[in-house]
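Scroll down for the structure; my scribbles are underneath it.
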Amino acid sequence: MAAKRRHDGRRAGDLRPVTITPGFVRSADGSCLIEMGRTRVICTASVVAGLPVWRREQGLGWLTAEYGMLPASTSRRKPRPQGRRDGRSVEIQRLIGRVLRCAVRYDRLGENTVVLDCDVLEADGGTRTASITGAYVALALAAARGVEAGAFRRGALAGSVAAVSVGMVDGRAVLDLDYAEDASADVDMNVAMTGGGRYVDIQGTGEGASFDADELDALLRLARRGIRKLLRYQRQALVNSTGK
């Protein structure tokens, strides 16, 4: 008997349709539009001369990230932040920066800061994982440009990284949750991994129920499978942009 399909027709281990459009913002050093189902995020990478005060005179560069949702990105208008940013956005941008920092070699960035900006155009679940996956493409394009311009040394990238969500929904492990699934999930988890198959970050919470070791293993297997597919999408986007 065939396994029950999810509400959008996907099987448990299916990603939503993925499209990565490199060079989406021509004025940025690197950019892409990443679409995962109805979630759409513009990711840009800007190379800024100079470093934070605490980072200077060490011979090392730096990478940081910012994340935000446009007002019409959700079904109800999300007000623009006035003054202090909301805690969720701050937590997500710290996650993006933390994960993407594993993809660079600081000693080859010169005295420069790479700023990653992830702006959500439309949110239907998985915005933080889509941001990480897209931000890597923007970073890779900016790194190539930085080498060409002489701002970076060759080998500025240490490797690739991508991320995906998994969760327990209706008693089974599923990959790449949309908003409806995320809202009803008993367990919600975000996983980031390198192209070499090493974990960078795992965030897992029992929202409606606890979970055991077998369920955790099932979730991580799905995440690994999904991330391998996302890494292929990244590589293809970079080939389409650079021809290499």
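Okay, here's what the table says:
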quantity: Yes/no for A185 being crowded, with 19+ Cβ neighbours inside 10 Å, without any contact (Cβ under 8 Å) to a residue 24 or more places away in the chain, hydrophobic (A, V, I, L, M, F, W, C) and within 23 Å of V18 (Cβ to Cβ); calculated: yes
quantity: Scope segment 11-27; condition out of contact with any Asp or Glu (no Cβ under 8 Å at 6 or more places or on another chain) and farther than 20 Å from C118 by Cα; matching residues; calculated: R11, A12, G13
quantity: Sole exception among (1) modelled with pLDDT of 95 or more; (2) touching a Gly at 6+ places or on another chain (Cβ under 9 Å); (3) closer than 23 Å to G204 by Cβ for V99, by number; calculated: (2)
quantity: Residue in segment 143-163 that is surrounded by fewer than 21 Cβ atoms within 10 Å (Cβ to Cβ), among the acidic types (D, E), without any contact (Cβ under 8 Å) to a residue 60 or more places away in the chain and within 27 Å of P71 (Cβ to Cβ) present; calculated: no
quantity: Sole exception among (1) closer than 26 Å to G97 by Cβ; (2) free of Cβ contacts under 8 Å to residues at least 24 places away in the same chain for I227, by number; calculated: (2)
quantity: Qualifying strands (runs of 3 or more DSSP E) (wholly inside segment 161-237; at least 2 residues being within 21 Å of the chain's Cα centre (by Cα) and of a type in the set (D, E)); calculated: none
quantity: Within segment 104-139, considering residues that are in contact with a helix residue (DSSP H, G or I) (Cβ under 7 Å, 6 or more places away or on another chain) and among the β-branched types (V, I, T), the one surrounded by the fewest Cβ atoms within 10 Å (Cβ to Cβ); calculated: V120
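Results for (1) hydrophobic (A, V, I, L, M, F, W, C); (2) modelled with pLDDT of 95 or more, shown as yes or no for each residue.
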site: A162; (1), (2): yes, yes
site: M168; (1), (2): yes, yes
site: E181; (1), (2): no, yes
site: S184; (1), (2): no, no
site: V191; (1), (2): yes, yes
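The values are calculated or read from the model by the stated rules, or taken from the named source; none is laboratory data. Bear in mind that the values here come from a model prediction, so they are computed numbers and not experimental data. For neighbour counting, all protein chains shown are included, and Cβ atoms are generated from backbone atoms with ideal geometry for every residue, glycine included.
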